[in-house]
1. Can you pull out every residue in the range 69-88 that is at pLDDT below 95 and surrounded by fewer than 14 Cβ atoms within 10 Å (Cβ to Cβ)?
2. Has the range 68-77 got at least one residue that is touching a strand residue (DSSP E or B) at 6+ places or on another chain (Cβ under 9 Å) and among the charged types (D, E, K, R)?
3. Would you confirm whether any residue within the range 35-58 is under 17 Å from GLU95 (Cα atoms) and basic (Lys, Arg)?
4. Just need a number here: residues in the range 40-64 that are in contact (Cβ under 8 Å) with a residue 24 or more places away in the chain and in contact with a strand residue (DSSP E or B) (Cβ under 7 Å, 6 or more places away or on another chain).
5. Which helices (runs of 4 or more DSSP H) does the range 1-90 wholly contain that include 3 or more residues that are within 10 Å of the chain's Cα centre (by Cα) and within 16 Å of the ligand (Cβ to nearest atom)?
6. Of the residues PRO6, PRO2, which single one is of a type outside the set (D, E, K, R) and in contact with a strand residue (DSSP E or B) (Cβ under 8 Å, 6 or more places away or on another chain)?
Amino acid sequence: MPDICPKCGLPKELCVCTVLEKETENKIKVYTRKAKFDKYVTVVEGIGQEDVERTAKSLKRVLACGGTSKGDIIELQGEHKDAAKKALVGIGYREENIDVA
Ligand SMILES: [Zn+2]
């Protein structure tokens, strides 16, 4: 049986409550840029560094895409701006802190 966070009801693996408490003022930026071979990557910036890996994992799962994280930047393969925002809100980030450019 997975560990469930009592606050958000998500498995601990996906839960970002503790980070959110610390970093509620963080601004998250979501934008796409062109990568190689006319493909797009969606960039998510501003996730607290300690939570980047877990958030990247959740986003990749929700969006069913590949991606990488480096420093506090997450790169997702494909064009997922709006879906990424929705997914971030879904895992507990505050909508008003997420800017989609
Ligand atoms: Zn939680």
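The values are calculated or read from the model by the stated rules, or taken from the named source; none is laboratory data. Everything numeric here is computed off the predicted structure, so don't read it as measured data. Cβ coordinates were reconstructed from backbone atoms using ideal geometry, including for glycine residues, and neighbour counts include every protein chain displayed.
1. LYS70, GLY71
2. Within the range 68-77, the first condition is being touching a strand residue (DSSP E or B) at 6+ places or on another chain (Cβ under 9 Å), and the residues that meet it are 68-69, 72-77.
Filter once more, keeping what is among the charged types (D, E, K, R): 72, 75.
Yes, some residue in the range 68-77 is touching a strand residue (DSSP E or B) at 6+ places or on another chain (Cβ under 9 Å) and among the charged types (D, E, K, R).
3. Looking for residues that are under 17 Å from GLU95 (Cα atoms) and basic (Lys, Arg), one finds none in the range 35-58, hence no.
4. Qualifying residue count for the region: 11.
5. Here the list reads 52-63, 81-90.
6. Numbers: PRO6 fails: in contact with a strand residue (DSSP E or B) (Cβ under 8 Å, 6 or more places away or on another chain).
Residue meeting the stated conditions: PRO2.
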